[in-house]
Amino acid sequence: MATQNSNSSKEEKGITRRNFLRAGIWTTLAVLAVETVGATIASMWPKAQSSAAGAKVRVGKATGFPIGSVTFFPEGKFFLAHVDSGFLAMSHVCTHLGCIVPWVADEKSEDKLAEKGRFNCPCHGGIYDRYGLVKAGPPLRPLDLYPITLNGDQLVVDTGILIRRQVYEESQAVKV
Ligand code: FES
């Protein structure tokens, strides 16, 4: 009898342990399934933007930007250049390998609009003039453009559309 009780007790313990392990495995599988489904849904959703990239950015009145000026708009990550034929909104991303290109206002100009100012890429020495044209270094094409529209007297830049170009044409600049 004592042996039977002992066996029965071991069996109960064994079943309990087995049930515990089974429950643990099912719980682990359920957690993995939930995480997998969650990650899949998250990857299908557009990532939250930390800036206004992709948005339409109102930059102000054209009269606020004299010819030759280049102004950076950090919220849209673009430069607004007022050139002789109108306005250009240019991406700050180098067309070589994607480094961020700053405007250097006190460097010798590479165009005839002003004596100073050009874009110097810090990564491999790419240089662009205020039209975004490559003047030195490895980039093979000018800085990309964003379309500009007029809303009343306000210039609006659409950072959701990036325009690649190989050359500069006057028609790229928006006349106001
Ligand atoms: S990334 Fe700008 S020159 Fe290479």
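Just checking, does the stretch 152-164 include any residue being within 16 Å of the ligand (Cβ to nearest atom) and out of contact with any strand residue (DSSP E or B) (no Cβ under 7 Å at 6 or more places or on another chain)? Yes, some residue in the stretch 152-164 is within 16 Å of the ligand (Cβ to nearest atom) and out of contact with any strand residue (DSSP E or B) (no Cβ under 7 Å at 6 or more places or on another chain). Candidates in the stretch 60-92 are the residues that are hydrophobic (A, V, I, L, M, F, W, C) and not in a strand (DSSP E or B); of these, the one that is most open to solvent (accessible area, probe 1.4 Å) is Ile67.
Residues of the stretch 120-148 that are in contact (Cβ under 8 Å) with a residue 40 or more places away in the chain and more than 9 Å from the ligand (Cβ to nearest atom): Arg130, Tyr131, Gly132, Leu140, Arg141, Pro142, Leu143, Asp144, Leu145, Tyr146, Pro147, Ile148. When the residues of the stretch 104-119 are filtered to those that are open to solvent by 30 Å² or more (accessible area, probe 1.4 Å) and of a type in the set (A, V, I, L, M, F, W, C), which remaining residue is nearest to the ligand (Cβ to nearest atom)? The qualifying residue nearest to the ligand (Cβ to nearest atom) is Val104. Among the residues here, Gly98 qualifies as out of contact with any His (no Cβ under 7 Å at 6 or more places or on another chain), surrounded by fewer than 21 Cβ atoms within 10 Å (Cβ to Cβ) and on the phi > 0 side of the Ramachandran plot.
The values are calculated or read from the model by the stated rules, or taken from the named source; none is laboratory data. All figures in this text were calculated on a predicted structure; none of them were measured in a lab. Here the Cβ is made from the backbone with ideal geometry for all residues, glycine too, and neighbour counts use every protein chain on show. Protein only, heavy atoms only, side chains kept; ligands, DNA and RNA dropped before computing areas. Shrake-Rupley method; radii C 1.70, N 1.55, O 1.52, S 1.80 Å.
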